[in-house]
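Visitor: Structure below; questions to follow.
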Amino acid sequence: MKNSLLKDDTDRVDGIDKVTGKAKYFAEYQLPGITYGVLVPSTITKGTITGIDSKAAERAPGVLAVVSHLNRPEVKGYEASNTKPVPNGTLKIFYTDKIAFNGQPVAMVVADTYERAVYAAALVKVSYNKEIHATDFDENISKAKPPRNPSSAFYVRGEAEAYKNSAVTIEQEYILPTETHNPMELHGMLAHWDTENRVTVYAKTQGVKATQNTISSTFMIPMENVQVNSEFVGGGFGMALRTWPVEIAVVMAAKKVKRPVKLVITRDQMFTLVGHRPHAWQKIGLGADQDGVLKGITHHAIGQTSSYEDFTENIVNMTKFMYKSPNVNTSYKILPLDVGTPIWMRGPGEATGAFALESAMDEMAHALKMDPIAFRLKNYAETDPEKNRPFSSKYVDEAYKLGADKLGWSKRKNEPRQNKEGQWLVGYGMSTGVFSAGRGKATVRGVWYADGRLLLQSASSDIGPGTGTGMVQVAHGVLGVPVNKITFELGDSSLPPAPSQGGSATMSTVGSAVHDACTALKNNLAELAANSGMSVTDPIAEILKKNNLPSIEVTKESSPGNDQSKYSMYSFSIHFVEVKVHELTGVVKVSKIVSVGDSGKIVSPKTARSQMVGGAVGGIGMALTEESVIDHRYGKFINNNFADYHVPVNADVPDIDVIFINKPDPYTNPMGAKGMGEIALIGFSAAVANAVFNATGKRIRTLPITPDKILS
Amino acid sequence: MINFQYIRTTTSKAAVDSLGKDKTAKFIAGGTNLVDLMKRGVTAPEKLIDINNVPLKQIELKGNILHIGALATNAAVAEHAVVKQRFPLLSQALNAGASAQLRNMATVGGNMMQRTRCGYFYDITMPCNKREPGTGCGAKEGYNRMHAIFGTSEACIAVHPSDMCIALAALDAQVVIMNPKGERKISFVDFHRLPGATPEKDNNLQANEMIIRVEIPLNTLAENSYYLKVRDRASYAFALVSVAAGLELKSNRIIKVRLAMGGVAHKPWRLTEAEAFLTGKDATEVNFKLASEIALKGSKSFGQNNFKLKLAPNSIIEALNQAKSKA
């Protein structure tokens, strides 16, 4: 694999720990007196529990408790939140006899070994009063409703539905099925009450402070009485952005048995208990004049949610500003079904929306007999047409050119079915992705020791992108301390606060705080040097010795300035792919990938490149293989395992060329960086669908693009 | 987990004797399917008889017959020089199956004994006549995209999941079986069963019998054979449709042809009528197409697997094209 512009330099700071097994994940922790939880899932999809017969399970060897709504310990936060309006709240686990989705935990068996807990869980007999459930999106689509918080998704610029009046129009529907995150690491928690009022947990979380906050408010104990540890996370992709009811169940069970309880959920439970990318329906209308100038864009979307909670995401937002059209309108509704609540999955709603918009753009280019890049450039937004202000930086036009050259776009013929290698039809496609380059508030503590070591601490997370590596490189950039002398500590709720790792904001947010803390250390050292008649270029050991100090220390909170209201800040990605489609079998192979990231200054080339590679792999999954299938007669997932839910394997992934624009953004943060976790995936599936069209002349508007759809 | 006894044996006779004594005992070799089934609660043997130390790992040519011991691993067979040279179809089929890790563990006998991957069979809260006779077939009106188009019954529309077995069916293999009375030999194509009214029975192995080895006669197909596996991803996925095709060609005339399909029936599906049609004819696209139409006679789909009625004949043509072009 090649990296086209940047030299790979700094290795992952925790790379060796990860590949040698030294890195410890939550499920690997052992505590004295540890016990194991196993869930008893509901076998109905909607209704009430009429009885739980746990006698046999309780008598089984090693069993300490069978926790359910019949005997759970008091959870003060559950009672207190009863005063708030329902049902828009998290599912209160083991709280009532109500079943809201298939697989909802009815009870947790706690035993002294995992094997005994598994056995006993099978002995718990639950009886139900079954009600008619609704899990079929298509059948229930008429029940879609605006979300309780109607957000900015309802938007009109100029005239609504104006596309219909144009010379050339496109109007199409696009479907994304439910997808499940399926990181390698299973979800769960290890919890132990150190005292009546103080709990320590080992978690799989994208935010230790968020987990600390949820446990604190649910059990109504002070924040400082909740210690959350989550140094290593084996993939999150968004699913660990909230503290799920099942984690509260572990804390509850630990309270009941007064011993540490560890729960690791099973792969099939990953489909029901920890969120998913929701099924979505979209309709796009595009109108253009004969010269390819867009006159109207309309984007309507409906996303699935659960019956008890409004989950919303930004499916239609990109449509409002990506192309300059005088008339744009969008709408977004949600459809409550009897399933668990969804959660953001990498590139979240934006990836869903980009599939539709960027497919439609390709359809319009074809209708106009224009090259898809030329069509996009014709409607290029130099400034943000939604908010009427400049972009902080945008080099998408340059990215189009770089990517096209690298892929060999000139081989593409505008008419489909023109390139063939034996029985394989060859096609080329591209698309654009965009995600907000947000920055939040974070605090970093920095200690610079006389021996030159630098310790940085913040309660941030690393779900895989290489947070520590990036932060070390930011610090190195400010202070010049060699990277192997810098340690960045994260994943511990007692460290200075940082937001959860989500929305591609960690580098911008925590990186800025690292930058500011290091700058403060540098100034402090300069001051000490000046006060003692030394130069700042003198060795730190001597400056500190002269001042009789073992180290210098700062704790620095860092927040975005008001540039965020003056500029529209976005990261962009341009994906180019070549596909080969077998005429007889309908098999689609992605044979070349070029992903271009317009994400400001690249702080950590190696991990940044890995982000783009991972996004492309996820994009192949979204485009070609991933779909969580429910049998609606039972309301239950039927392909809930790694053999049947197809994430791409190595053999599905060609070499991936990653190109970075690598120009600092003047306004986002001191590093000039913009986030990139999401853009790596956003838009990718449309590039594949567009390439499949170019290869075959067949437009697939329902993902994933499997052989049956090619042959139909 | 449910407790069970575990014993080890070192001879096939001892293995068969132990099995005969205990109705709920099962052999375990690679365990790549059985352990999953036990974890999911699909099966709960009271005793596991570990046969890994029984000396049945041989892969050797005896006269005109290749003998493959039941405990030879899938990886060992696939990479064996004689198999690669004389039976490339078998090597290709094995390498198309599972993953490298699984092939290192899985054995030939175990591969033949693996159960269907039908989701309703694996989920013990769902109806399945194969797992629990009389509960109904969940797939027939449910998620049946992966399911059979040939030889289905009211009771079951599941497919046999193996790749190796498709090649062995095409290669006229024989299965050698041991029981307390001695050994018996049956044709590979008669080893697995159609579901009929007893889908709980995958094959014709009796309760006190053990697969000892597979025998494959040398053939004239090695030059022109191809295993095509069409699937949803490039590796570690079960076949939507697979085709084992072997041709003996003289100039462009088909002297001999062997065809079997996977992913379409409860057993490896040998295409004898299509073979008969092609024998003696020219290896042309037209004849391949006609053969594929003959092969589809009697097929029946169930909604989500309707596409197999097109994919299956297309795959036959593609496999024959590939086999032919190897020359």
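Visitor: Residue by residue through segment A:439-466, note down the ones that are surrounded by fewer than 20 Cβ atoms within 10 Å (Cβ to Cβ) and in a loop (DSSP other than H, G, I, E, B).
Guide: Matches in segment A:439-466: A:Gly440, A:Lys441, A:Ala450, A:Asp451, A:Gly452, A:Arg453.
Listed here are the residues, each with its yes/no results for (1) under 24 Å from A:Glu313 (Cβ atoms); (2) modelled with pLDDT of 95 or more; (3) of a type in the set (S, T, N, Q).
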{"position": "A:Arg148", "(1), (2), (3)": "yes, no, no"}
{"position": "A:Phe154", "(1), (2), (3)": "yes, no, no"}
{"position": "A:Gly158", "(1), (2), (3)": "no, yes, no"}
{"position": "A:Ser166", "(1), (2), (3)": "no, yes, yes"}
{"position": "A:His181", "(1), (2), (3)": "yes, yes, no"}
{"position": "A:Thr195", "(1), (2), (3)": "no, yes, yes"}
{"position": "A:Thr214", "(1), (2), (3)": "yes, yes, yes"}
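Visitor: Among the residues of segment A:485-498, write down those that are farther than 20 Å from A:Gln473 by Cα and buried (at least 23 other Cβ atoms within 10 Å of the Cβ).
Guide: Scanning segment A:485-498 gives a single hit, A:Ser493.
Visitor: Looking only at segment B:41-95, which residues are of a type outside the set (A, V, I, L, M), assigned to a helix (DSSP H, G or I) and in contact (Cβ under 8 Å) with a residue 24 or more places away in the chain?
Guide: B:Asn74, B:Gln85, B:Arg86, B:Pro88, B:Gln92
Results for (1) in a loop (DSSP other than H, G, I, E, B); (2) within 14 Å of chain B (Cβ to nearest Cβ), shown as yes or no for each residue.
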{"position": "A:Val603", "(1), (2)": "yes, no"}
{"position": "A:Ile659", "(1), (2)": "no, no"}
{"position": "A:Pro664", "(1), (2)": "yes, no"}
{"position": "A:Thr668", "(1), (2)": "yes, no"}
{"position": "A:Ala686", "(1), (2)": "no, no"}
{"position": "A:Ala689", "(1), (2)": "no, no"}
{"position": "A:Arg699", "(1), (2)": "yes, no"}
{"position": "A:Pro704", "(1), (2)": "yes, yes"}
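Visitor: Restricting to segment B:96-121, count the residues that are assigned to a helix (DSSP H, G or I) and touching a residue at least 12 places away in the same chain (Cβ under 8 Å).
Guide: Summing the residues that are assigned to a helix (DSSP H, G or I) and touching a residue at least 12 places away in the same chain (Cβ under 8 Å) in segment B:96-121 gives 15.
Visitor: When you check A:Thr205 against the structure, is it buried (at least 18 other Cβ atoms within 10 Å of the Cβ), of a type in the set (Ser, Thr, Tyr), part of a helix (DSSP H, G or I) and modelled with pLDDT of 95 or more, yes or no?
Guide: no
Visitor: Could I ask something else about it? Please state which one of A:Gln564, A:Gln611 is buried (at least 23 other Cβ atoms within 10 Å of the Cβ), under 25 Å from the mean Cα position of the chain (by Cα), outside any loop (DSSP other than H, G, I, E, B) and more than 14 Å from every other protein chain (Cβ to nearest Cβ).
Guide: A:Gln611
Visitor: State whether one or more residues within segment B:216-231 are within 14 Å of another protein chain (Cβ to nearest Cβ), crowded, with 20+ Cβ neighbours inside 10 Å and either modelled with pLDDT under 95 or part of a loop (DSSP other than H, G, I, E, B) (or both).
Guide: Yes, segment B:216-231 contains a residue that is within 14 Å of another protein chain (Cβ to nearest Cβ), crowded, with 20+ Cβ neighbours inside 10 Å and either modelled with pLDDT under 95 or part of a loop (DSSP other than H, G, I, E, B) (or both).
Visitor: Considering only segment B:37-48, I want to know if a residue exists there that is in contact with a Ser or Thr (Cβ under 7 Å, 6 or more places away or on another chain), over 30 Å from A:Ile265 (Cβ atoms) and away from every other protein chain (no Cβ under 14 Å). Step through it out loud before you land on a result.
Guide: Here is the first cut: in segment B:37-48, the residues in contact with a Ser or Thr (Cβ under 7 Å, 6 or more places away or on another chain) are B:37, B:45-47.
Imposing the further condition that a residue be over 30 Å from A:Ile265 (Cβ atoms) reduces the set to B:47.
Now restrict to residues that are away from every other protein chain (no Cβ under 14 Å): B:47.
Within segment B:37-48, one or more residues are in contact with a Ser or Thr (Cβ under 7 Å, 6 or more places away or on another chain), over 30 Å from A:Ile265 (Cβ atoms) and away from every other protein chain (no Cβ under 14 Å).
Visitor: Tell me, yes or no, whether segment B:295-304 has at least one residue that is more than 10 Å from chain A (Cβ to nearest Cβ) and either acidic (Asp, Glu) or within 17 Å of the chain's Cα centre (by Cα) (or both). Talk me through it step by step, then tell me what you get.
Guide: Going residue by residue through segment B:295-304, those that are more than 10 Å from chain A (Cβ to nearest Cβ) are B:295-303.
Then keep just the ones that are either acidic (Asp, Glu) or within 17 Å of the chain's Cα centre (by Cα) (or both); that gives none.
Within segment B:295-304, not a single residue is more than 10 Å from chain A (Cβ to nearest Cβ) and either acidic (Asp, Glu) or within 17 Å of the chain's Cα centre (by Cα) (or both).
Visitor: Return the total of residues in segment A:567-601 being within 14 Å of chain B (Cβ to nearest Cβ) and of a type in the set (A, V, I, L, M).
Guide: Final tally of qualifying residues: 6.
Visitor: Name the residues in segment B:145-160 that are surrounded by fewer than 24 Cβ atoms within 10 Å (Cβ to Cβ) and within 12 Å of chain A (Cβ to nearest Cβ), would you?
Guide: Once the filter is applied, which keeps residues that are surrounded by fewer than 24 Cβ atoms within 10 Å (Cβ to Cβ) and within 12 Å of chain A (Cβ to nearest Cβ), segment B:145-160 yields only B:Arg145.
Visitor: Evaluate segment A:110-118: report whether one residue or more is under 30 Å from A:Gly303 (Cβ atoms), more than 13 Å from chain B (Cβ to nearest Cβ) and buried (at least 17 other Cβ atoms within 10 Å of the Cβ). Break it down into steps so the answer makes sense when it comes.
Guide: If we filter segment A:110-118 for residues that are under 30 Å from A:Gly303 (Cβ atoms), which is where we start, we get none.
Scanning segment A:110-118 turns up no residue that is under 30 Å from A:Gly303 (Cβ atoms), more than 13 Å from chain B (Cβ to nearest Cβ) and buried (at least 17 other Cβ atoms within 10 Å of the Cβ).
Visitor: Just name the residue that is nearest to B:Asp36 (Cα to Cα) out of those in segment B:122-143 that are more than 10 Å from every other protein chain (Cβ to nearest Cβ), surrounded by fewer than 23 Cβ atoms within 10 Å (Cβ to Cβ) and touching a residue at least 12 places away in the same chain (Cβ under 8 Å).
Guide: We begin by selecting, within segment B:122-143, every residue more than 10 Å from every other protein chain (Cβ to nearest Cβ); these are B:128-137, B:140.
Subsequent filtering for residues that are surrounded by fewer than 23 Cβ atoms within 10 Å (Cβ to Cβ) retains B:132-136, B:140.
Retained after the next criterion (residues that are touching a residue at least 12 places away in the same chain (Cβ under 8 Å)): B:133, B:140.
Numbers: B:Pro133: 21, B:Lys140: 24 Å.
Ranking the qualifying residues of segment B:122-143, first place goes to B:Pro133.
Visitor: Within the set of pairs 6 or more residues apart or between chains, which connect a residue that is under 30 Å from A:Ile574 (Cβ atoms) inside segment A:427-454 to a residue that is part of a strand (DSSP E or B) and of a type in the set (D, E, K, R) with Cβ atoms less than 6 Å apart?
Guide: Listed pairs, sorted by first residue: A:Tyr428/A:Glu578.
Visitor: Next question. Might you check whether a residue that is touching a strand residue (DSSP E or B) at 6+ places or on another chain (Cβ under 7 Å), in a loop (DSSP other than H, G, I, E, B), within 26 Å of B:Ala295 (Cα to Cα) and without any contact (Cβ under 8 Å) to a residue 60 or more places away in the chain occurs anywhere in segment B:167-190? I'd like the intermediate steps shown before the answer.
Guide: Narrowing segment B:167-190 to residues touching a strand residue (DSSP E or B) at 6+ places or on another chain (Cβ under 7 Å): B:167-178, B:183-189.
After this cut, where a residue has to be in a loop (DSSP other than H, G, I, E, B) as well, the list is B:171-173.
Among the residues that remain, those that are also within 26 Å of B:Ala295 (Cα to Cα) are: B:171-173.
This time we only want the ones that are without any contact (Cβ under 8 Å) to a residue 60 or more places away in the chain, so: B:173.
Yes; the residues of segment B:167-190 include at least one that is touching a strand residue (DSSP E or B) at 6+ places or on another chain (Cβ under 7 Å), in a loop (DSSP other than H, G, I, E, B), within 26 Å of B:Ala295 (Cα to Cα) and without any contact (Cβ under 8 Å) to a residue 60 or more places away in the chain.
Visitor: Six or more apart or on different chains, Cβ under 6 Å: which pairs go from a residue in segment A:1-21 that's assigned by TED's automatic domain parsing to the domain that holds A:Ser595 and under 21 Å from A:Asp657 (Cβ atoms) to one that's modelled with pLDDT of 85 or more and surrounded by 14 or more Cβ atoms within 10 Å (Cβ to Cβ)? Could you list them?
Guide: Taking only residues 6 or more apart or on different chains, not a single pair turns up.
Visitor: Looking only at segment A:273-280, decide whether some residue is of a type outside the set (Ser, Thr, Tyr), surrounded by fewer than 22 Cβ atoms within 10 Å (Cβ to Cβ) and touching a strand residue (DSSP E or B) at 6+ places or on another chain (Cβ under 9 Å). Break it down stepwise before answering.
Guide: So the first thing to find is which residues in segment A:273-280 are of a type outside the set (Ser, Thr, Tyr), and the list is A:273-280.
Of the ones still in play, those that are also surrounded by fewer than 22 Cβ atoms within 10 Å (Cβ to Cβ) are none.
The answer is no; no qualifying residue exists.
Visitor: Would you be able to say whether some residue in segment B:145-161 is over 18 Å from B:Val230 (Cα atoms) and part of a strand (DSSP E or B)? Full working, then the answer.
Guide: Keep residues of segment B:145-161 that are over 18 Å from B:Val230 (Cα atoms), which gives B:151-157.
With the extra rule that they be part of a strand (DSSP E or B), the set shrinks to none.
The answer is no, given that none of the residues of segment B:145-161 is over 18 Å from B:Val230 (Cα atoms) and part of a strand (DSSP E or B).
Visitor: I'd like the residue in segment A:621-651 that is over 22 Å from the mean Cα position of the chain (by Cα) and of a type in the set (Asp, Glu) and, out of all such residues, is farthest from the other protein chains (Cβ to nearest Cβ).
Guide: Here the answer is A:Asp644.
Visitor: If you scan segment A:61-91, which residues turn out to be at pLDDT 90 or above and either over 17 Å from A:Ala249 (Cβ atoms) or of a type in the set (S, T, N, Q) (or both)?
Guide: Correct list: A:Pro61, A:Gly62, A:Ser68, A:Asn71.
Visitor: Since B:His266 meets every condition but one in (1) assigned to a loop (DSSP other than H, G, I, E, B); (2) within 14 Å of chain A (Cβ to nearest Cβ); (3) not hydroxyl-bearing (Ser, Thr, Tyr), which condition does it not meet?
Guide: Of (1) assigned to a loop (DSSP other than H, G, I, E, B); (2) within 14 Å of chain A (Cβ to nearest Cβ); (3) not hydroxyl-bearing (Ser, Thr, Tyr), only one is false for B:His266: (2).
The values are calculated or read from the model by the stated rules, or taken from the named source; none is laboratory data. Please read these numbers as outputs of a predicted model, since none were measured by experiment. Ideal geometry is used to build each Cβ from the backbone, glycine not excepted, and the neighbour counts take in all protein chains shown.
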